[in-house]
Amino acid sequence: QGQVVESGGGLVQPGASLRLSCVVSGLRLDDYGIGWFRQAPGKEREGVSCLSTNDGSEFYTDSVKGRFTISRDYGKKTIFLQMDNLEPADTAVYYCAVLRVFFSCAPAMDNMDRVHVWGQGTQVTVSS
């Protein structure tokens, strides 16, 4: 089934950076996509970014384009989300998830049924 473990969240001031890590085990990651979701207080969970690990295609929601970057360490099966110039609106619990996709991962950002396994979440708080 696989296991997903996120880390790297924390409390930072606006304009700061964080790098989230997602370690995947128990499956062949090249057969799946990987996605980052977030859920802010009182709001629904939303897709933030994803990577189709077999073809390298990427997706970013409009609110994070130019500030967030998704990448992968292929040897360690670890996925990163580099978050720069953080804003208070980025405050949320961030979840890594393995996605059941063949090619582009973008459609899975709006379909929770495509999530194969969730991580436990890591809190990101951006506040002065």
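Overview of values
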item	result
Single match in Leu81, Leu11 (criterion: out of contact with any His (no Cβ under 7 Å at 6 or more places or on another chain), modelled with pLDDT of 95 or more, open to solvent by less than 10 Å² (accessible area, probe 1.4 Å) and of a type outside the set (Phe, Trp, Tyr))	Leu81
Long-range neighbours under 7 Å by Cβ, at least six apart or interchain, first residue within 19 Å of Glu58 (Cβ to Cβ) and without any contact (Cβ under 8 Å) to a residue 24 or more places away in the chain within the range 106-121, second assigned to a strand (DSSP E or B) and not β-branched (Val, Ile, Thr)	Arg114/Leu99
Among (1) at pLDDT below 95; (2) surrounded by 14 or more Cβ atoms within 10 Å (Cβ to Cβ); (3) of a type in the set (S, T, N, Q), the one test that Asn111 misses	(2)
Restricting the range 51-100 to residues that are among the polar types (S, T, N, Q) and assigned to a loop (DSSP other than H, G, I, E, B), the residue that is nearest to Ser127 (Cα to Cα)	Thr91
The lone exception for Asn54 - which of (1) open to solvent by 20 Å² or more (accessible area, probe 1.4 Å); (2) touching a residue at least 24 places away in the same chain (Cβ under 8 Å); (3) more than 22 Å from Ser104 (Cβ to Cβ) it fails	(3)
Of all residues making up the range 16-31, the number that are in contact (Cβ under 8 Å) with a residue 60 or more places away in the chain, within 14 Å of the chain's Cα centre (by Cα) and open to solvent by 30 Å² or more (accessible area, probe 1.4 Å)	1
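The values are calculated or read from the model by the stated rules, or taken from the named source; none is laboratory data. Computed from a prediction, not measured in an experiment: that's the story for all the values here. All Cβ positions, glycine included, derive from the backbone under ideal geometry; neighbour counts span all protein chains shown. Quick note on the areas: whole protein, heavy atoms, side chains included, nothing else; ligands and nucleic acids left out. Shrake-Rupley method; radii C 1.70, N 1.55, O 1.52, S 1.80 Å.
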